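Q: Pasting a structure here, questions to come.
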Amino acid sequence: MEEEKNYWLCITNGENWAITKERQIWGVSERHKNIVGKVKEGDYLVFYNIMEKRDGEVIQPQLRGVYKTSSNSFKENTRLFKPVGEGDELFPHRVKLEPVYVPEKSASFKELIPKLEFITNKKRWNTHLFGRAMRQIPKNDFEIIFSALKGNGN
């Protein structure tokens, strides 16, 4: 019998998304090691880019792509990712990735909020993501997100 796959929403910023996409690796900080420790080879990860200000312009939260893990979690202290704020975090708890679907054009996250099960408070939806590196999501939510990404085309 095939082992059940899990689905994860990974929360990142633009700089670290670019590194993840280029290096095909995802890393989280020491304080999030327990959650990434639950990720198994063959799980699916969806990348969510937080709202950011770039050149005075507000970039709304975006869904960037879907990956499948090609490793269980491991620890590596090579500096790959950019620390957030004043921190000096290495994001050493990592999983290797293989792309499943990474469109050139990202998909809006806000449009999906009414449809997503894991977001129980639709008005304060960001509380379901704030302070997290990643969180497990239901398969149904994964399918909604995947469909939205594919709907944007390349």
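Q: Name the residue that is nearest to A133 (Cα to Cα), counting only residues in the stretch 17-33 that are among the hydrophobic types (A, V, I, L, M, F, W, C) and not in a helix (DSSP H, G or I).
A: Here the residue is V28.
Q: Next up: Of the residues that sit in the stretch 49-61 and are in contact with a helix residue (DSSP H, G or I) (Cβ under 9 Å, 6 or more places away or on another chain) and part of a strand (DSSP E or B), which one is farthest from L112 (Cα to Cα)?
A: R54
Q: I'm checking my understanding of the structure. Among residues of the stretch 36-54 that are among the acidic types (D, E) and closer than 17 Å to R94 by Cβ, which one is surrounded by the most Cβ atoms within 10 Å (Cβ to Cβ)? It would help to see each step written out before you state the result.
A: Taking the stretch 36-54 and keeping what is among the acidic types (D, E), we get 41, 43, 52.
Narrowing further to those that are closer than 17 Å to R94 by Cβ: 41, 43.
Details: E41: 13, D43: 19.
Filtering first and then ranking leaves D43.
Q: If you go through the stretch 118-131 one residue at a time, do you hit one that is among the charged types (D, E, K, R) and either modelled with pLDDT of 95 or more or surrounded by 14 or more Cβ atoms within 10 Å (Cβ to Cβ) (or both)? Break it down stepwise before answering.
A: At the first step, the residues of the stretch 118-131 found to be among the charged types (D, E, K, R) are 122-124.
After this cut, where a residue has to be either modelled with pLDDT of 95 or more or surrounded by 14 or more Cβ atoms within 10 Å (Cβ to Cβ) (or both) as well, the list is none.
Checking the stretch 118-131: not a single residue is among the charged types (D, E, K, R) and either modelled with pLDDT of 95 or more or surrounded by 14 or more Cβ atoms within 10 Å (Cβ to Cβ) (or both).
Q: Is there a residue being farther than 27 Å from A148 by Cβ and charged (D, E, K, R) anywhere in the stretch 52-71?
A: no
Q: Scan the stretch 101-131 residue by residue and report those that are out of contact with any strand residue (DSSP E or B) (no Cβ under 6 Å at 6 or more places or on another chain), in contact (Cβ under 8 Å) with a residue 12 or more places away in the chain and not hydrophobic (A, V, I, L, M, F, W, C).
A: Result: P103, E104, K105, S108, K110, E111, K115, E117.
Q: Being in a loop (DSSP other than H, G, I, E, B) and either in contact with a helix residue (DSSP H, G or I) (Cβ under 7 Å, 6 or more places away or on another chain) or closer than 23 Å to I145 by Cβ (or both) is the requirement here; does P83 meet it?
A: When the stated conditions are applied, P83 does not pass them.
Q: Here's a follow-up. Hey, among G42, G87, which residue is of a type in the set (G, A, S) and at pLDDT 95 or above? I'd like the intermediate steps shown before the answer.
A: Values: G87 fails: at pLDDT 95 or above.
Just one listed residue meets the conditions, G42.
Per-residue answers, yes or no, for (1) polar (S, T, N, Q); (2) without any contact (Cβ under 8 Å) to a residue 40 or more places away in the chain; (3) in contact with a strand residue (DSSP E or B) (Cβ under 9 Å, 6 or more places away or on another chain):
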residue	(1), (2), (3)
L45	no, no, yes
E52	no, yes, yes
Q60	yes, no, yes
V66	no, no, yes
D88	no, yes, no
P99	no, no, yes
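Q: With the structure loaded, tell me whether E104 is charged (D, E, K, R) and farther than 22 Å from G14 by Cβ or whether it fails that test.
A: Criteria not met by E104.
Q: Taking the condition in contact with a helix residue (DSSP H, G or I) (Cβ under 7 Å, 6 or more places away or on another chain) and part of a helix (DSSP H, G or I), does I119 pass?
A: no
The values are calculated or read from the model by the stated rules, or taken from the named source; none is laboratory data. In this text the structure is predicted, and so the values were computed from the model without any measurement. No Cβ is skipped: glycine too gets one built from the backbone with ideal geometry, and neighbour counts run over all protein chains shown.
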